[in-house]
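Accompanying notes for the structure given below.
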Amino acid sequence: MSTLLLIGRGYTATRFARAVAGRFTRIIGTRRKVSAPEPGIETLAFDGTQEPSAALLAACREASAILVSAPPERDGTDPALAALGGAIESGGPQSWIGYLSTTGVYGDRGGALVDAGMAPSPQSAGSRARLAAEEGWRALGARSGTPVAVFRISGIYGPGRNPLRRLADGDQTRVIKPGHVFNRIHVDDIVGALALSLAAPTAGPVFDLADDAPTPGEVPIEFAASLLGIAPPPAVMFDAAAMSPMAAGFYAESRRVSNRIAREALGWRPRYPSYREGLAALHAAGEGTPQAR
């Protein structure tokens, strides 16, 4: 029996599981609470604070492949690694462990280009914790003889999570910060890269998953509004915008991310190389229309 374990059965992990379901006889995923069942995925509760159940520890030992998307704590600890790492090691080598990290580990580069061959320079507590978690999972892989692939991911969008939907819901702001630029990535392009890695496991290198069109944040919003035939929301200058500390931290960092290494090492090609293709496809599928909400 081949088993895929999703440590953190969230948005991206669920779409990945759907895409590779034919490769496994059993798929198990963890969530903070056992709710919102997903067909074909057995769900086990794990929020990082309680002792893992016997069923979850057994799944860790039996898994042939593992995808980790559960985030570490901002203090640098990784509850999933701490609670489940021992059981994963005791199960012997798995065929593959994928770890979903963030391009935030590069920190602010003033809009300059970065790729996975460059040293990280995380500035936020969350990004420092992600980098520490990357290192922890790679160390576990080295001890257990399991190839661990680390994916540093840019801003994720896709079905149900995109400016088309937010515009239709009246929940989209358009913040302007001159000089600020970042990449995005369609969730299905992440899934494509993960599937390629799963098919040919390797312990390295790190893969940056980003589109080919880094832009200021307002540009895709304006494009989405044009697809819907509506005016974009009023512009708000960054200095005058009311936002959460997390959002303010996002705007504190500007960089362009190269996906060169993922292309060369995995043979990966994004289906949606820019927000234009991605949003146009989502719009054609009904995103942003009343029936899609």
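The values are calculated or read from the model by the stated rules, or taken from the named source; none is laboratory data. This is a predicted model, so every value here is computed, not measured. All Cβ positions, even for glycine, are placed from backbone atoms using ideal geometry, and neighbour counts span all protein chains on display. The area values use the complete protein model at the heavy-atom level, side chains included, leaving out ligands, DNA and RNA. Shrake-Rupley method; radii C 1.70, N 1.55, O 1.52, S 1.80 Å.
With contributions of -39500 (n - 2.57) from each DSSP H run of at least four residues, the per-residue ellipticity at 222 nm computed over the chain stands at -10500 deg cm²/dmol.
Accessible area of the range 85-240 with a 1.4 Å probe: how many percent of it is carbon plus sulfur? It would help to have the intermediate numbers written out before the result.
On the way: 3230 of 5770 Å².
For the range 85-240, the apolar C and S fraction of the accessible surface comes to 56 percent.
Label sites at residue 237 and residue 119, each approximated as a point 7 angstrom past Cα along Cα to Cβ, lie 3.8 nm apart.
So how strong a dipole does the chain carry about its Cα centre when Lys and Arg Cβ are +1 and Asp and Glu Cβ are -1, to the nearest 20 debye?
Values: 30 positive and 27 negative charges, 70 e Å.
Approximately 340 debye in magnitude.
A 1.4 Å probe run over the range 151-258, with the rest of the protein chains in place, finds 41 Å² accessible per residue. A Förster radius of 45 Å combined with the Cβ-Cβ distance from residue 62 to residue 108 puts the calculated FRET efficiency at roughly 0.60. Rounded to the nearest 0.05, what FRET efficiency do residue 263 and residue 50 have when you use their Cβ-Cβ distance and R0 = 51 Å? That pair, residue 263 with residue 50, gives E of 0.80.
Both the radius of gyration and Dmax for the range 172-282 are 16.2, 48 Å, in that order, over alpha-carbon atoms.
Using the Cβ-Cβ distance between residue 176 and residue 38 with R0 = 35 Å, the FRET efficiency computed as 1/(1 + (r/R0)^6) comes to roughly 0.35. Over 18 Å, how big is the tail of the calculated P(r) for the range 1-135, in percent of all Cα pairs? The proportion of pairs with Cα distances above 18 Å equals 56 percent. For residue 274, the residues whose modelled amide H falls within less than 5 Å of its own, excluding neighbours fewer than 5 places apart on the same chain, are 212.
Enter the accessible area per residue of the range 28-112 (Å², integer; probe 1.4 Å; all protein chains in place).
Per residue, the range 28-112 has an accessible area of 43 Å².
Sorting 41-53, 208-220 by average packing, meaning the other beta carbons within 10 Å per residue, from highest down gives 208-220, 41-53. Normalised size of the chain, defined as Cα radius of gyration per 2.2 N^0.38 Å with N residues, equals 1.01.
Between residue 135 and residue 19, the contour length at 0.36 nm per residue exceeds the alpha carbon distance by 39.0 nm.
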